[in-house]
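Contents: one structure, followed by commentary.
The values are calculated or read from the model by the stated rules, or taken from the named source; none is laboratory data. Keep in mind the model is a prediction, meaning the values are calculated, not measured. FYI the Cβ positions are ideal-geometry reconstructions off the backbone, even for glycines, and counts take in every protein chain you see. We work out accessible area using only protein heavy atoms, side chains counted, and drop any ligands, DNA or RNA first. Shrake-Rupley method; radii C 1.70, N 1.55, O 1.52, S 1.80 Å.
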Amino acid sequence: MSGILAGKRILITGVLMESSIAFHTAKLAQEQGAEIILTAFPRPTLTERIAKKLPKPTKVIELDVTNEEHLSRLADLVREELGSLDGVVHSIGFAPQDALGGNFLNTPFESVSTAMHVSAFSLKSLTMACLPLMQEGGSVVGLTFDAQYAWPQYDWMGPAKAALEATSRYLARDLGKQNIRCNLISAGPIGSMAAKSIPGFSDLADVWNHRSPLEWDLSDPEPAGRGVVALLSDWFPKTTGEIIHVDGGLHAIGA
Ligand SMILES: NC(=O)c1ccc[n+]([C@@H]2O[C@H](COP(=O)([O-])OP(=O)(O)OC[C@H]3O[C@@H](n4cnc5c(N)ncnc54)[C@H](O)[C@@H]3O)[C@@H](O)[C@H]2O)c1
């Protein structure tokens with residue numbers, strides 16, 4: 001099998017719908033020669049149904065990143081299927097409704113804590129759960145939405161993404177000696193389930209119609225998936241703690 005991921009074994013979280021960035025990542029990873037395994041939340045049946053649309057069959061493992069039992073058994077379950085891992089994709093985000101859509105000043109800490117746990121701390125939990133399988137080094141890749149700015153409607157997902165971005169840098173610091181890289185793709189808006197759960201998401205996405213140098217297609221998760229696959233490959237061998245924008249170039253534009 002040829003391709004930039006030939007011979008690589010990759011664990012991919014976050015396949016929920018065909019609109020998931022992780023679904024497109026999984027498809028591209030298989031096309032590029034990787035053997036993959038998927039994790040599923042909230043139910044394996046949903047992910048299994050979508051996984052049938054991938055080029056090749058793949059095993060699905062249940063994983064709630066906040067569930068210690070799920071995390072502690074993950075390495076053994078993956079080892080049975082793939083033996084070891086060369087890459088891990090974190091494509092997970094969640095915030096309760098009262099943490100989104102213009103309620104920033106009134107959100108209770110309990111909801112902020114959930115957003116941080118699922119969307120940021122989980123990058124550390126997932127990476128550590130997979131660490132025993134990456135003895136030869138590896139590449140961890142996550143997805144962010146540029147946390148340098150305060151966006152309309154995004155509210156506490158903003159601080160959660162800022163925490164994710166910092167967590168990625170600290171993982172890069174602590175895992176570099178084991179030749180494990182940790183990087184993020186900062187994607188522009190995509191009309192996935194996660195995005196649709198943000199009240200007023202279309203107002204946020206509309207910014208891209210006016211300011212993105214490259215034309216941006218809200219319904220196309222593939223560019224973000226391509227970025228993830230590139231970071232999983234051997235073509236970024238000395239890049240870690242980095243955030244690469246796949247946002248049409250909007251981050252570079254002031255007004
Ligand atoms: N859609 C966008 O506009 C956009 C832009 C930039 C970054 N992102 C990020 O991309 C990533 C993937 O999102 P998406 O847009 O593909 O949406 P999505 O809804 O398809 O994916 C979100 C995933 O998070 C998973 N998840 C939620 N809670 C979980 C838990 N407790 N344990 C394990 N998994 C859990 C869901 O199962 C789902 O698969 C997220 O980190 C998101 O913040 C999305």
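Some values worked out for this structure:
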quantity: Accessible surface, per residue, of the range 106-210 when the full set of protein chains is kept, probe 1.4 Å, Å²; calculated: 43
quantity: Which of S212, S192, G241, positive extreme of dipole for the range 116-255 (C-beta unit charges); calculated: G241
quantity: The range 49-110-the range 143-161 distance, computed between alpha-carbon centres (Å); calculated: 20
quantity: Placed amide H near I180: partners under 5 Å, 5+ positions off or other chain; calculated: G138
quantity: Cα long-axis angle, helix 21-31 against the chain (0 to 90 degrees, to the nearest 10); calculated: 30
quantity: Tail fraction, Cα-Cα pairs, the chain, threshold 27 Å, whole percent; calculated: 31
quantity: For the chain: lysine pairs under 23 Å (alpha-carbon distance), excluding those fewer than 8 apart on one chain; calculated: 19
quantity: For the range 48-106, the fraction of alpha-carbon pairs in successive 5 Å shells from zero, as %; calculated: 4, 12, 16, 21, 17, 10, 8, 7, 4, 1
quantity: Carbon/sulfur fraction of accessible area - the range 79-123, other protein chains in place, 1.4 Å, %; calculated: 55
quantity: Dipole in debye (nearest 20) - the range 64-180, about Cα centre, beta carbon charges: Lys, Arg +1; Asp, Glu -1; calculated: 380
quantity: Surface accessible to a 1.4 Å probe, R49 within the full protein complex, Å²; calculated: 140
